[in-house]
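Asker: What follows is a single structure, and I will ask about it in a moment.
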Amino acid sequence: MRRRVSESLYSKSSKLMVGGVSSPVRAFKAVGGSPLFLARGKGSHVWDEDGNRFTDYVCSWGALILGHADPGVLAYLSRRMRDGTSFGAPTREELRLAEKVCSAMPSVEKLRFVSSGTEATMSALRLARGYTGRPKLLKFDGCYHGHADSFLTKAGSGMATLGLPASAGVTDGAAADTITAGYNDVAAAEEVFRREGDRIAAAIVEPVAGNMGVVLPDAEFLRALRRLTASSGALLIFDEVITGFRLAPGGAQEVYGVKPDLTTLGKIIGGGLPVGAYGGKKEVMSMVSPEGPVYQAGTLSGNPAAMAAGVKTLGSLSRGSYQRLSRLAGELEKRLREEAGAAGTTLSTSRAGSMLGIFFRDSAPRSFAEAKDTDTKAYAKFFWGMLRRGVYLPPSAFETVFVSLAHSQRDVETTAEAASAALREARA
Ligand code: HOZ
C-alpha cells in the first residue's frame, strides 16, 4: 500500500487544520497512523491520493446508501445545480423531499430542514423545552446526538473513540440539565422519571445505537421510553440520523413499531450532501418560528443541491432495496464470524439491516459499558490489516460498518478473504 501522498498531505493539513481533519474520528487516533486522503469514489469503492483502491464500508458515515457517485443522483444533481446552488428562499425541491419524508414516516407530520444532524438534534431539544416549558433532557450512555453542549455527556462516536467522558467548554448548568441512564436499562429510566419526571422536557435516543459500534435495543426498552415520556408529559425524540431510511423507509420507528413525538434525520436524506431535518407532530412543530415562539433558522437550510440529492436518493429506494441490503450485510456478518472462528479470534457482531458492529469480545454488547469492553487494540490491528488488503473500515471500534446498494457479493467475498488474514493478525 502506497502512503507517500496521503502522509505528505496530512503533514501539511496538520499545520493549518485542527488535527489535520474536519471531524475528530477521521484523524485515525484510535487506530494509530495517519488518515488516508480520499480522491474519489465509485460504487462500493474509494481511491486515495496514492492511487490505492479500497472497498468502502464507511460510506460517508452511512450517508451513501446507494454507494459513491450514483449515476442517477449525479445526473439529477448536476441538472438542478445548473439552475443555481443556493437561494435562501423556498424551492420546489424542498417540498419534494418533505413529501417523501413525511409519507415514509407517519410520525413526521411536519418538518424543518437544517444543514446537519447536530443542528437537527439541537433544534429538536430546544423545541421540546419550548413546548413543555421544562429544562431537563434524558439521554442514554453511548448514544451520540451531535456536538451541541447538551449531548456531550457519556457520548459515543468521537467522544468514545477518544475516551472523553465530557467536553471542556460545556457549562456546569448545561451539563446539569442532562441526565444520563444506561442504554437498554429500563429500570434506570423508570427511576429517572420517578425522581424528576415533571422536570424532563424530552428523552432522546438512537433507537438502534450506531455510535458505540452497533448496539441493538430491546424492543421493551423503546416501548418503556414511549410509556414513560407519555405519562410524564415529556417528548420522546428518536435520533434517526443514522437509521432513517437506512433500516426501512420509516426508519427504526417502523421496524420497532414505536412512534416518537419528534424525529431527527440527516445523512441519507441528503444523498451525500450536508443536510439535517427534524419533524414530528403538527401540534409540536407549530411551536417553531415563524409559526411559534421557538426560534431556529439557517442560511443554507433546505439547500437546493442537498434537497435534490436527497430527492433522487430516496426515490431510488424501494422495499426490495432493504431486503437486498440486509441479505448482503447478513452474508458479510456470517463470513466474518466464520473467518474469526477459523482464525481462533474472539469476535462478536451485532447487526440491524445494513448496519454492522464488529466487537473483539465474546458476545454482542447490550450497553455502552459492554461496547467499551471490546479489545480496541485488536480492532486497530484488524483495521490496518484490512486496509493493507484493500478494505476501508471505520477507523474506530465505536462506529458502524455500512453496506450500500453498490456493494456486491464479490465485495463480500474479497472482504472475507482479507479478514481471514487480518483476523489472525488481530489475535497476535
Ligand atoms: N459522527 C460521525 C460518525 N457517527 C463522524 C463524522 C465524521 O467524522 O465525518
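Read the figures in this text as sums done on the coordinates, not as results from a lab. In this text the structure is predicted, and so the values were computed from the model without any measurement. Don't worry about glycine lacking a Cβ; one is built from the backbone with ideal geometry, like all the others, and counts go over all protein chains shown.
Asker: Calculate the radius of gyration of the Cα atoms of segment 281-428 to one decimal place, then report Dmax, the largest Cα-Cα distance, as a whole number, both in Å.
Answerer: According to the Cα coordinates of segment 281-428, Rg and Dmax are 20.0, 61 Å.
Asker: Give the span of the chain's Cα atoms along each principal axis, as three whole-Å numbers ordered largest to smallest.
Answerer: Result, largest extent first: 56, 53, 46 Å.
Asker: Further question on the same structure: In sequence order, what are the phi-derived ³J(HN,Hα) couplings for segment 388-401 according to the Karplus relation 6.51 cos²θ - 1.76 cosθ + 1.60 with θ = phi - 60°, rounded to whole Hz, with x for glycine and proline?
Answerer: 4, 9, x, 10, 9, 9, x, x, 6, 6, 9, 9, 10, 7
Asker: So what's the Cα pair-distance distribution over segment 9-140, bin width 10 Å, in %?
Answerer: 9, 24, 32, 26, 9, 0
Asker: Scan segment 181-280 for chymotrypsin sites (Phe, Trp or Tyr not before Pro) in coil per DSSP, keeping those whose Cβ has at most 14 other Cβ atoms within 10 Å, and list them by number.
Answerer: none
Asker: Enter the angle in degrees (range 0 to 90, nearest 10) between the Cα long axis of helix 117-132 and the first principal axis of the Cα atoms of the chain, meaning the one along which they spread out most.
Answerer: Approximately 20 degrees, to the nearest 10.
Asker: If you fit an axis through the alpha-carbon atoms of helix 71-81 and take the longest principal axis of the Cα set of the chain, what angle between them do you get, 0 to 90°, nearest 10?
Answerer: Compared with the principal axis, the helix lies near 50 degrees.
Asker: Okay, next question. Tabulate in residue order the Karplus-calculated ³J(HN,Hα) for segment 291-306, using 6.51 cos²θ - 1.76 cosθ + 1.60 with θ = phi - 60°, rounded to whole Hz; enter x for Gly and Pro.
Answerer: With the stated coefficients, segment 291-306 comes to 6, x, x, 8, 7, 6, 7, x, 4, 9, 4, x, 3, x, 5, 5 Hz.
Asker: Report, as a whole number in µm² per second, the diffusion coefficient that Stokes-Einstein gives for segment 348-390 at 37 °C and 0.692 mPa s using the Kirkwood radius over alpha carbon pairs. Mind showing how you got there, number by number?
Answerer: Values: Rh = 11.2 Å.
The diffusion coefficient I find is 294 µm²/s.
Asker: So which lysines pass the test for K15, namely a Cα distance under 29 Å, with those fewer than 8 places away in the same chain ruled out?
Answerer: By straight Cα distance, K15 reaches K29, K377, K381.
Asker: Could you compute the net charge surrounding A174? Neighbours are other residues with a C-beta less than 14 Å from the C-beta of A174; K and R count +1, D and E count -1. Show your work: numbers first, answer last.
Answerer: Numbers: positive: R126, R129, K136, K139; negative: D149, D172, D177.
Its environment carries a net charge of +1.
Asker: Which FRET efficiency value, to the nearest 0.05, do you get for R195 and R223 by plugging their Cβ-Cβ distance into 1/(1 + (r/R0)^6) with R0 = 25 Å? Show your work: numbers first, answer last.
Answerer: Details: r = 21 Å, r/R0 = 0.83.
Rounded to the nearest 0.05, the efficiency is 0.75.
Asker: With a cut-off of at most 13 other beta carbons within 10 Å, and DSSP calling the residue loop, which trypsin sites (Lys or Arg not before Pro) in segment 75-123 qualify? Please list them. Please list the in-between numbers first.
Answerer: Details: sites: R79, R80, R82, R92, R96, K100, K110, R112; in loops: R82.
Taking segment 75-123 and a limit of 13 other Cβ atoms within 10 Å, the loop trypsin sites (Lys or Arg not before Pro) found are R82.
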